[in-house]
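Below: one structure, written as structure tokens.
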Amino acid sequence: MSRVTAQAGARSDTQPMTQARHQASIPAEFSAGPLKGIGQIKNLNEGGLFVATPSIPQQGESVLLKFSPSGGEWIELSGMVWWTTTDPAGQRHRHAGFGLRLLEENEAYRGWVESLPPR
């Protein structure tokens, strides 16, 4: 079962985020080359999301990610690893994982994000 709540903007290492991010707890599966993993989407917006996982792909790698936000239809996304955590969870970051920047428009994902409660 997934859970999403709203949170005001966050910041990437290279530039400020202008879109507010939604907090979440959504199981996801991903692959990056030979690496296959599972994790939890912890926050998201229309341009990307953060996946908490111990299986962290390299920065710059292409990733295919799929999840089912309400236990129904699966949403499949492609993106690039924009940043990763470099320390164990709990030191500087709340979770080990990676930030995924979406590379192409996905109507199902965009429609779902737009349907979330206002931020």
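Remarks
- Here segment 20-115 is assigned +1 on the Cβ of each Lys and Arg and -1 on the Cβ of each Asp and Glu. Its dipole about the Cα centre then comes out at about 440 debye.
- Convex hull of alpha carbon positions in segment 20-115: directionally averaged projected area 5.8 nm².
- Virtual paramagnetic centre 7 Å along Cα→Cβ of Arg101, amide N under 17 Å, in segment 33-64: 44-51, 57-64
- Taking each residue as 0.36 nm, the span from Ser25 to Glu76 lengthens on full extension beyond its C-alpha to C-alpha distance by 16.7 nm.
- Remark: spin-label model distance Glu114-Ile38 equals 3.3 nm, labels positioned 7 Å along the Cα→Cβ axis.
Each value in this text was obtained by applying a stated rule to the coordinates, not by laboratory testing. The structure presented is a predicted model; accordingly, all values stated were derived computationally and were not measured. Positions of Cβ are backbone-derived with ideal geometry, glycine not excepted, and every protein chain shown enters the neighbour counts.
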